[in-house]
Every structure is written in C-alpha cells, then in structure tokens.
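Derivation of every value follows stated rules applied to the coordinates shown; laboratory data play no part. All of these numbers come straight from a predicted model, not from anything done at the bench. A quick note on method: Cβ atoms are made from the backbone with ideal geometry, for glycine too, and the neighbour counts reach across all protein chains shown.
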Amino acid sequence: MTEVQPTLTPEEGREALVLARQSLERWVRTGERLTHTGPWSGGLATPCGAFVTIHTADGALRGCIGHMIGEGPLGDLIIELGVSAGTKDPRFRPVTAGELPGLSYEISVLSPMQRTLAEDVRPGVHGLLIRKGQYSGVLLPQVATEWGWDREQFLGETCRKAGLPKDAWREDETQILTFTAQVFSE
C-alpha cells in the first residue's frame, strides 16, 4: 500500500481515540485483542504512520508507541498501537486495570516523511526523524511546542533521543527527515 497524506475528520479523530482506549482496556482486562469487522472507511482506511500517546490523570507520560509508516489501514494500526503504548513502551511497566479509568489518550496521524535541511525545520509544525548509521530518534511536532524549543534545541534533543551527540545534526552523514501530524486528544 502507498502512504498518503492523512486527513481525518473530527468525528474520525474521536473514533480513533475510542479505538485506542478500547483496545488497551480490552487487552488489560481480558488478554484479547480488539477486532474490527468489515472494511474501514474514510481516513481510518488510509495507510499512514501514527503514534498513540497515553497520559495519567495528572498529565504525566504513561506510554507512547508509534510507526512512522503505515502498511495497512490506519484503524488497524491504532488498535495495535493502543495496546503497545500501554504495554510495550520500555520506559514504563505495563498499564494495570486499576489505572485504566485515569488515562487519557492522544493520537498523532503522520504525514509521509521528507528529507530536509536543518534550516528548513519548523518547531511546532514539523516532527523529526534523525538517522545516522544504526542510530535513529523521533520526536513528534507537539514535543517542541510543549518544551518551548527553538529549531536548534529541537534538532539537538532529537539527536540525543537517538543516542547521538546533540550536535550530530550538523554532520553531513546525518539524515534529517520531517513530517507533520494531525493530533487528536481526549
């Protein structure tokens, strides 16, 4: 499937949030995966990358997992990522049933990535994927806004997340890729 520029309606965004929540709740309570019968429609049928981010009631990060490229319908990916964000983020222990009512969800639906120059990066508009050799790191567009980072800070923090020196983005062999995200939050 070819990746396309995603555009979800507000209703589809709400549906994606419900899918993420229901998929994790079902997995935690029963150990079973949420299934969708029939074809997806609209934006949820679109093959594109996405991230699911989970926060606690006090706003702390509880999990975030995503795929930069979608290989099937977005709806299927959201179901998968809902479970993964709550159970497979290596920074956190798996979500428990007692935590479920206090969690909030955010979905970031990604555009295709484009290779770019550092001077063309726009914090708050672009997300970043930085690659050098075996190292890579991703930060979503909203992260730069949340932390108040300028372009150089955003590039440096993405390098740091990749396990690279903060100024690795200045090196010729470092690849800088940007993407945008349509974000839906509870």
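Points worth noting:
- Shown here are the Rg and Dmax of the Cα trace of the chain, at 16.6, 50 Å.
- Over all projection directions, the Cα-based convex hull of the range 114-180 averages an area of 3.7 nm².
- DSSP-defined antiparallel bridges as percent of all bridges, the chain, nearest 5: 95
- D_trans [Stokes-Einstein, Kirkwood Rh over alpha-carbon pairs] for the range 10-110, 25 °C, 0.890 mPa s, µm² s⁻¹: 184
- Gained length - Glu146 relative to Arg33, 0.36 nm times residue gap less alpha-carbon distance: 37.4 nm
- The string of couplings for the range 134-140 from the Karplus curve (6.51, -1.76, 1.60, θ = phi - 60°) is 7, 9, 8, x, 10, 9, 6 Hz, one whole number per residue in order, with x for Gly and Pro.
- Annotation: the residues Arg29, Arg170, sorted from fewest to most other C-beta atoms within 10 Å of their own C-beta, follow the order Arg29, Arg170.
- Using θ = phi - 60° in the Karplus curve 6.51 cos²θ - 1.76 cosθ + 1.60, the 3J(HN,Hα) couplings for the range 111-121 round to 7, x, 7, 9, 5, 8, 8, 4, 5, 8, 6 Hz; x is entered for Gly and Pro.
- Using alpha-carbon coordinates, inclination of helix 151-161 to the longest axis of the chain, degrees: 60
- Full-stretch length increase - Thr96, Arg122 - with 0.36 nm per residue and alpha-carbon distance subtracted: 5.6 nm
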